[in-house]
Amino acid sequence: MSPLPVIQNIPEEDLPLPLLVANKWEFLLQHHQNNLGIYVYAIQDWIAGLTGASKPKQIWADLKRNHTENIHLMDSIQPLPYVASDGKTYQMDFTDDKGLYLIAQYLRATKARPQLSAIQKFLSEAGAFVDAVRLEPETVITSGAIDPDEAIDAAIEAYPPTREG
């Protein structure tokens, strides 16, 4: 959807999981980071990347209409500036990483969407909590939320080395 490079000068080990997914499956994912360091992501970019759909706006409209019961998803949506391929700026819906994971769960994998199935598997193996441990291990470990040895084992299991080939 956007010709802009959206992952600029961020070492891969510091990328949040949604940006790792966008990198791995080579789709653009516009994002904003607030002054607290929290990322929000363009929902239509995410849907287009997962499904290959040329009209993610319609898929997003259907998801919003059919999943109003999901409080986190509905509360996490915020309209923010989005720079389109024509260079114009529009207001588009953005959400946090958990909102993106919920959207990925709601989308149905079909033969026409082979990439979606692979991304869903990758997300399920990685897990949002493991991503939090990877990005802020001291915060999560010192909070008592997880045993340090379990955190290390989970991070190693979730992020195996990539193989070129």
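Readers should treat all values here as calculations from the given coordinates under stated rules, not as data from a laboratory. The structure presented is a predicted model; accordingly, all values stated were derived computationally and were not measured. Cβ sites come from the backbone with ideal geometry, for glycine too, and all protein chains shown count toward neighbours.
The condition (being closer than 24 Å to Asn23 by Cβ, surrounded by fewer than 17 Cβ atoms within 10 Å (Cβ to Cβ) and aliphatic (A, V, I, L, M)) is satisfied by just one residue among Ala104, Ala112, Ala53, Ala61: Ala112. Among the residues of the range 15-50, those identified as loosely packed, with under 15 Cβ neighbours inside 10 Å and on the phi < 0 side of the Ramachandran plot are Lys24, His32, Gln33, Asn34, Asn35, Leu36, Ile38. Within the range 24-73, being farther than 19 Å from Val83 by Cα, touching a Leu at 6+ places or on another chain (Cβ under 9 Å) and without any contact (Cβ under 8 Å) to a residue 60 or more places away in the chain holds for Ile59, Leu63, Lys64, His67, Asn70, His72, Leu73. Here Val21 meets the list (1) closer than 19 Å to Gln115 by Cβ; (2) in a strand (DSSP E or B) almost entirely, failing just condition (2). Quick check on the range 64-86: of everything there that is in contact with a helix residue (DSSP H, G or I) (Cβ under 8 Å, 6 or more places away or on another chain) and assigned to a loop (DSSP other than H, G, I, E, B), which residue is surrounded by the fewest Cβ atoms within 10 Å (Cβ to Cβ)? Looking at the filtered set, the residue picked out is Thr68.
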